[in-house]
Structures are given as C-alpha cells and as structure tokens.
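Everything on this sheet refers to the single structure shown next.
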Amino acid sequence: MFPPSQMIFVAVAGLVVLPGCSSVPSIARDAGMPRVELRNVALVQFRGANSSSPDKPGECDCNNPAHWDGDTLYVFNSAGHPWRSAGPDLFHLRTNYARCEYDTKVSGGRWIECTCRVEDGTLYGWYHFEPTGVCPGAHPDSPKMNLTAPKIGAVKSTDNGATWHDLGVVLEAPPDTLKCDTKNYYFAGGNGDFSVMLDPKKEFLYFFFSTYPNIVSEQGFAVARMTGSAGTSHRFFPLKLIGTTLMPTRFGDRPFTGTRTCANT
C-alpha cells in the first residue's frame, strides 16, 4: 500500500456485485463470508475541466488522477486540457481550482491520465495526446480531417501540477499502422487511454494502454514498463509476453517493444 504522497487514484465507472452479495441487510449470511452492502450516499461531483463556477461543473473525459501533499489532496480533471482542484479530502475540493499550463505548445489536446509524486516533491504525470493532421490530404469537409492517432507523453511539475514541463512522447505507434480510411472517424491508429502504476519496490512504472493499429488482430490492450526513478529514465524494456503478438513502438529514435494481448476491439 502506498503512502498518501505516492498514491494514484483512478475514477471507477461502475460497481461489480459478486454472487452472494446483496443490497438487503436482512438476508442471513455466514459471518465468515465477505459481503457488499449498498447504501445511499450523497453525489460527489468533480469541478471538471473548464468550469465557470462551482454550480456549473465541466467535463471529465478521462482518468481523474490525484495525489497528496501534506494535508492537501490535488485532483486533475481533463477534457482536451487539464484543470486542477484541491482540498482537505475528496469531498471538499473547493480551493485552488485553476487551468494547468504546459511549457510547450502542440497541435491537439493533452489529457493528464496519471500522476505520481516522488520523495523530493516532484510530481510526474503522463498524458494522452491526440495530434491533429494525422491523415494529410483529406478534404476540409471530410470527417477524416478529425481523425487522430493518440500518443502517450510524460510531464513533470514542481508546483503540484499547476504548471507542467513537457518531457515529450514516450509511447508512439509506428506510422505505417495508421488506417485513414477507417469508418469510425475518431482514431486512425495510435496508443492511448491508459493508466500507469508504480510497483511496490519503486523500480518500474507499468503502462496499461489501449492500441488502435490498422490490423484488427493487433488491436486490444497492451502492457509495457519503464525503469528509473518515476519517469526520469528513458530506458524501456519489453515485458513478459501477455498475448500472442509483439508490437514495436518507439521512444524518440530508439525502438521499444511493447506487448499485445489476444483481446481485440
């Protein structure tokens, strides 16, 4: 279990009730069996991204990572760009609401998906980047003009995420895996929609991400890991194969071999 300064929070979109669980307290149960009891609770509403006032919450279009610094909890909500809230706990995020700022300009949106605060106070983050113009030559009125191919990038901050220094893209699919004649009009390829986890020994960062290449059998869920001090190293290593296919991606000009599962999307 990580101490508060190193915990990564991920918003959960549903509740799975296992067989034998019940919302009716009166049902007899074996005292030694685990159980789930559903209770009515007050709505917890994030401020969201680009909110004009507390009573007009904005969007939350990705994970909502959070970290502790002393007695203050910081939470990030993104919808093409991250915004930060803070407070004494998850139910009172009423202070320091502000738009986060990157030190670089890009053509496309960047969603902060995960964060990790290390012992010296530096906050590392990873973003889902959707660049524009990935399918050149498309007619301006064509839906193909809106196609993107996500990439995963890294950032770091010394002010709890108010400002971010962009470390660049760390996971990028090969350009020959794009499919610009796709009918979905969202993604033509790429890697994204991910989570990052620091292992208990603090030796590796594990990336769990979705993949969108042009070959259906190569689409699905992938896992990769990075060694170093919570994002300071640029050395990548392949994980043990989870599925049936290895898919090369790149960091800068150096190849990195990720892993592919058998599940297709």
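The values are calculated or read from the model by the stated rules, or taken from the named source; none is laboratory data. What you are looking at is a predicted structure, and each value in this text was computed from that prediction instead of being measured. So basically every Cβ, Gly included, is an ideal-geometry build from the backbone, and we count neighbours across all protein chains shown.
Numbers at a glance
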| quantity | calculated |
| --- | --- |
| Residue count, region 61-75 (criterion: over 17 Å from VAL155 (Cβ atoms) and crowded, with 19+ Cβ neighbours inside 10 Å) | 1 |
| Where GLU101 falls short, out of the listed (1) within 30 Å of THR182 (Cβ to Cβ); (2) at pLDDT 90 or above; (3) loosely packed, with under 15 Cβ neighbours inside 10 Å | (1) |
| Selection from region 200-249 of residues that are over 30 Å from ASP120 (Cα atoms), at pLDDT below 85, of a type in the set (Gly, Ala, Ser) and in contact with a Phe, Trp or Tyr (Cβ under 9 Å, 6 or more places away or on another chain) | GLY243 |
| In region 160-180, residue surrounded by the most Cβ atoms within 10 Å (Cβ to Cβ) [restricted to those that are touching a residue at least 24 places away in the same chain (Cβ under 8 Å) and among the charged types (D, E, K, R)] | GLU172 |
| Residue among VAL36, VAL12 that alone is modelled with pLDDT of 90 or more, out of contact with any Pro (no Cβ under 7 Å at 6 or more places or on another chain) and more than 24 Å from ASP159 (Cβ to Cβ) | VAL36 |
| Selected residue (only one of SER78, SER51, SER107 is buried (at least 16 other Cβ atoms within 10 Å of the Cβ), of a type in the set (Ser, Thr, Tyr) and modelled with pLDDT under 95) | SER51 |
| Answer from ASN146, ASN160 - the residue that is under 23 Å from PHE209 (Cα atoms), of a type in the set (S, T, N, Q) and out of contact with any helix residue (DSSP H, G or I) (no Cβ under 8 Å at 6 or more places or on another chain) | ASN146 |
| Among the candidates ALA42, ALA28, residue that is at pLDDT below 80, part of a loop (DSSP other than H, G, I, E, B) and of a type outside the set (Lys, Arg) | ALA28 |
